[in-house]
Number of protein chains: 2
Amino acid sequence: MVTIKDVAAHAGVAFKTVSRVVNNDPTVKQKNREKVLNSIQVLGYRPNRAAQLTRRKKSGVIGFIADELLKVPYTFDLIRGAQDLAWENNKELMVLNVNINKYSVDGALNHLFQHRAEGVIYASMYHRAVKLPSAFEELPTVLANCYDLSNSYPSIVPDERNAAKEITLSMLRQGYKRLVFLNLNENIIAAKLRKLGVEDAFAEFGADKTNLIIESVIIGSEHNEYSVARKRAAELIRGFKPDAILCGQDPMAVEVYFVVQALGLTVGKDIGIGSFDDWDTIPGLLQPALSTMALPHYEMGQWAFNYLLSGQTEKTTQMAPFTLISRHSY
Amino acid sequence: MVTIKDVAAHAGVAFKTVSRVVNNDPTVKQKNREKVLNSIQVLGYRPNRAAQLTRRKKSGVIGFIADELLKVPYTFDLIRGAQDLAWENNKELMVLNVNINKYSVDGALNHLFQHRAEGVIYASMYHRAVKLPSAFEELPTVLANCYDLSNSYPSIVPDERNAAKEITLSMLRQGYKRLVFLNLNENIIAAKLRKLGVEDAFAEFGADKTNLIIESVIIGSEHNEYSVARKRAAELIRGFKPDAILCGQDPMAVEVYFVVQALGLTVGKDIGIGSFDDWDTIPGLLQPALSTMALPHYEMGQWAFNYLLSGQTEKTTQMAPFTLISRHSY
DNA sequence: CTGAAAGCGCTTACAG
DNA sequence: CTGAAAGCGCTTACAG
């Protein structure tokens, strides 16, 4: 491999001058700079990052530990948000997947320590509380899409409550009166907060709460979840006769569309449907296309990265707002 | 940060002995090894990777350039396949996202060169031909889910033709006689090969080809694609009256299920449905659950990584077999 | 504005 | 089995 000394010999300068050019030191005389740049070009020199890092204080590495993250399509936006900023700031984002069977969090951390990472983003697949090993205290840590029960780390999570309030208000304002909210598993934080948000909207709008049913249709324990969305949607449409249904996630909306069609009704005409997530291709697959609250994954990834860059230490829990994507389902 | 010398001082040995212990050199006396291990523990020493790499010949870094890869959920399995092996082999997988707007392939390559990567996997989002900049010739390169037109690099791609043949045969064997294959855009290689595969199956089974219609229902140019699956499915079911439909991808199957239901028919009873991809949550969302040919992304990721590890140079194009996931839709 | 020296934290190559 | 020296490709700190 071509080294700084090869370039120096070729350009007829001291190797320190080459180093200066590579590092954009403005004190190099224009003529020397050009000679060096030319030699770099001709010889195909590329700085050896490992050698640079050995000598420098900063590694430029930010870790990204993904807690089984990558099973759900949109969660990858967490990584993208961070990576886009890493690229812009000339940092290295070291993405490490963690899961029960293969990679431990300790293993991932060890990796990051060996690379002298300057900070780490810990991201979870869905919004939840996590308990991190104490080794995280040794380097700046930010949580994304999750939070720490003992409040030892700064974190950013989706603003579930406001999102639910916002989409519910949007439906009420359009004239829908009688709403069924088919919620996610009541054990998860998103479900708890969204329930409050929907109720907030009814209260703020002055709507009659007897026109509201909230029910969890993803049930069972964490590792044995199943959906009763179809069954309950059918029963509720027949019995309660809502004019709108809000679904806890886009895949559930697919199920509800089937139920609505089977009952001879039309989404967007006989019954309005809204949802959460903006799950990849799903919303556009439906007819009419699904209106949904998009999760702010990309923004959370960015926020987490920026937080590390800024060198802050305040242990805030930040709320990231969803974005309402209006299509034609209500 | 704790260095090898700190550990040596604490353990009362030469720093070279610490280096030996860290690198599992068997010549260290048991007693000294224990002393060093203890000091490492007590001081919390972690080897500095950058310094190691500066001195060693090998960087241990394998690059993974992902061509906008991460928009479709299952494509991440390409990375997972490679990453699992990287972990096992104590290598670093450096994942770099490439796209038109932000990161160029040249930028990603430059990154990899600076890290003295030992090889690179170039993976595309869907099965297609690619043209790589000539800089790839400077380091061992393997293509995954794509191939090079000039055959300059080894590659692995899904065995589309056999997959189509296999699922079609499986349907024919179950007694289905009259098949509509709603194909992907005819411009893409997968569509071309699968068409051949379906025809292979009819020929091999001795089935009557007048009972087969193959039609592309994803149409338009690459950047302006749209689906006429619903419209054509409805027309074909009414006119041609197939007893089975094969869909080019799982999302298309969702659309077809809606059409079938709207016509008052039942999937798996009145009409069999098969598909391709095994796209994340979609197959299980449908009722009955969708039988589909799963893309071998994980396996391709593994193969590509192994190929680099093995140090082979043969420029083969490998075919990776799909796996039939039988559920209840036919 | 430029260069010769020292040093980063390791491993390599050699000596004992 | 262990250690003192040299060196990896750079940057830092200093001198001119």
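The values are calculated or read from the model by the stated rules, or taken from the named source; none is laboratory data. Here the structure is a predicted model, which means the values were calculated and not measured. In this analysis, Cβ positions are derived from the backbone assuming ideal geometry, glycine residues included, and neighbour counts consider all displayed protein chains. Areas reflect the complete protein model, heavy atoms only, side chains present, ligands, DNA and RNA absent. Shrake-Rupley method; radii C 1.70, N 1.55, O 1.52, S 1.80 Å.
Given the residues B:107, B:81, which is the only one that is more than 16 Å from DNA strand C (Cβ to nearest atom) and touching an Asp or Glu at 6+ places or on another chain (Cβ under 7 Å)?
Just a single option satisfies the conditions, and that option is B:81.
Pairing each residue of the range A:20-43 that is within 7 Å of DNA strand C (Cβ to nearest atom) with any residue that is among the polar types (S, T, N, Q) and at pLDDT 90 or above, provided the two are 6+ apart or on different chains, yields C-beta distances under 7 Å for A:28/A:17; A:32/A:17.
Looking for something in contact with a helix residue (DSSP H, G or I) (Cβ under 7 Å, 6 or more places away or on another chain) and charged (D, E, K, R) - is there at least one such residue anywhere in the range A:233-248? No, every residue in the range A:233-248 fails to be in contact with a helix residue (DSSP H, G or I) (Cβ under 7 Å, 6 or more places away or on another chain) and charged (D, E, K, R). Give the range A:23-39 a look and list any residue that's within 24 Å of residue B:116 (Cα to Cα), more than 11 Å from DNA strand D (Cβ to nearest atom) and open to solvent by 30 Å² or more (accessible area, probe 1.4 Å), or say none. Selection gives A:37, A:38.
If you check B:34, B:68 for being of a type outside the set (A, V, I, L, M) and within 27 Å of residue A:96 (Cβ to Cβ), only one passes: B:68.
Scanning the range A:277-296 for residues that are in contact with a Gly (Cβ under 6 Å, 6 or more places away or on another chain) and either open to solvent by less than 20 Å² (accessible area, probe 1.4 Å) or at pLDDT below 95 (or both) yields a single hit, A:291.
Among the residues of the range A:40-83, just one is part of a helix (DSSP H, G or I), closer than 17 Å to residue B:1 by Cβ and open to solvent by less than 20 Å² (accessible area, probe 1.4 Å), namely A:50.
Rundown of residues vs (1) within 14 Å of another protein chain (Cβ to nearest Cβ); (2) under 31 Å from the mean Cα position of the chain (by Cα), yes/no style:
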site	(1), (2)
B:199	no, yes
B:204	no, yes
B:220	no, yes
B:233	yes, yes
B:240	no, no
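Of the numbered criteria (1) more than 14 Å from chain A (Cβ to nearest Cβ); (2) closer than 30 Å to residue A:72 by Cβ, the one residue B:85 fails is (1). Scanning the range B:14-22 turns up at least one residue that is within 7 Å of DNA strand D (Cβ to nearest atom) and either assigned to a loop (DSSP other than H, G, I, E, B) or surrounded by fewer than 17 Cβ atoms within 10 Å (Cβ to Cβ) (or both). Within the option set B:150, B:155, B:59, being more than 9 Å from every other protein chain (Cβ to nearest Cβ) and at pLDDT below 90 holds for one residue only, B:150.
Which one of B:254, B:267, B:260, B:228 is over 25 Å from residue B:328 (Cβ atoms) and out of contact with any Lys or Arg (no Cβ under 8 Å at 6 or more places or on another chain)? Don't jump to the end; show me each part of the working.
Numbers: B:254 fails: over 25 Å from residue B:328 (Cβ atoms); B:267 fails: over 25 Å from residue B:328 (Cβ atoms); B:260 fails: over 25 Å from residue B:328 (Cβ atoms).
The conditions single out B:228.
Looking only at residues in the range A:111-137 that are modelled with pLDDT of 90 or more and within 9 Å of chain B (Cβ to nearest Cβ), the one that is least open to solvent (accessible area, probe 1.4 Å) is A:113. Condition check: out of contact with any Asp or Glu (no Cβ under 9 Å at 6 or more places or on another chain), open to solvent by 40 Å² or more (accessible area, probe 1.4 Å) and not basic (Lys, Arg). Does residue B:261 satisfy that? Taking the combined requirement at face value, the residue satisfies it. Of all the residues in the range A:47-60, those that are within 7 Å of DNA strand D (Cβ to nearest atom) and touching a residue at least 24 places away in the same chain (Cβ under 8 Å) number 2.
Being at the interface with chain B (Cβ under 10 Å from one of its Cβ atoms) and at pLDDT 85 or above is the filter here; which residues of the range A:88-105 pass it? A:88, A:92, A:93, A:94, A:95, A:96, listed by residue number.
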